[in-house]
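Okay, so here's the structure we're looking at.
The values are calculated or read from the model by the stated rules, or taken from the named source; none is laboratory data. Here the structure is a predicted model, which means the values were calculated and not measured. Here the Cβ positions follow ideal geometry from the backbone for every residue, glycine too, while neighbour counts run over all protein chains shown. Each accessible area value is taken on the protein alone, full model and side chains, heavy atoms only, with ligands, DNA and RNA left out. Shrake-Rupley method; radii C 1.70, N 1.55, O 1.52, S 1.80 Å.
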Amino acid sequence: MFVVDKTTITDPEHPVWIVSVSDEDERIDFRCLPEEAIGIENNMSTANMDLEEFHEAADSDGVFRGFRD
């Protein structure tokens, strides 16, 4: 689930909050820059990647800003 909350609106980077809603896994949540949200959705909908991969690639502040080389 992609959530727009107070942090999304007030933070200069507008990070969207992403929260897993699956009963199968432990809850995963992190934030991502708005421009990265479509890549996450595309990879999730095609089962190319799972949410945990994006979560693990998030920066130390918990925001996914894309994959670094």
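Provide the per residue accessible area, probe 1.4 Å, for the stretch 11-69, rounded to a whole number of square angstrom. Walk me through the numbers before you get to the answer.
Values: 3940 Å² over 59 residues.
Per residue, the stretch 11-69 has 67 Å² of solvent-accessible surface.
Taking a spot 7 Å from the Cα of Ile28 along the direction of its beta carbon, which residues of the stretch 1-16 have an amide N less than 12 Å from it?
Label zone hits: 1.
In square angstrom, rounded to the nearest 10, how much accessible surface does Met1 have for a 1.4 Å probe?
Number for this one is 120 Å².
How much of the accessible area of the stretch 20-69, probe 1.4 Å, is carbon plus sulfur, in whole percent? Write out the running numbers ahead of the final one.
On the way: 1520 of 3500 Å².
Carbon plus sulfur share of accessible area: 44 percent.
Among 51-63, 3-15, 27-39, how do they line up by average Cβ neighbours within 10 Å per residue, starting with the highest?
On the way: 51-63: 13.9, 3-15: 12.2, 27-39: 15.8.
In descending order of packing, they fall as 27-39, 51-63, 3-15.
Please report the relative contact order for the chain, taking Cα pairs under 8 Å with a sequence separation of at least 6, and give it as a percent rounded to a whole number. Write out the running numbers ahead of the final one.
Details: 91 pairs, mean separation 17.2, N = 69.
Across the chain, relative contact order equals 25 percent.
Among DSSP bridges having both ends in the chain, what percentage is antiparallel? Round to the nearest 5. Present the calculation step by step, with values, prior to reporting the outcome.
Numbers: 6 of 8 bridges.
Roughly 75 percent of the beta bridges in the chain run antiparallel, per DSSP.
Evaluate E = 1/(1 + (r/R0)^6) for Asn43 and Thr8, where r is the Cβ-Cβ distance and R0 equals 25 Å; express this FRET efficiency to the nearest 0.05.
Details: r = 21 Å, r/R0 = 0.84.
The formula returns an efficiency of 0.75 here.
Mind putting a number on the dipole of the chain about its Cα centre? Charges go on the C-beta only, +1 for Lys and Arg and -1 for Asp and Glu, and I need it in Debye to the nearest 20.
On the way: 5 positive and 18 negative charges, 60 e Å.
Dipole size: approximately 280 debye.
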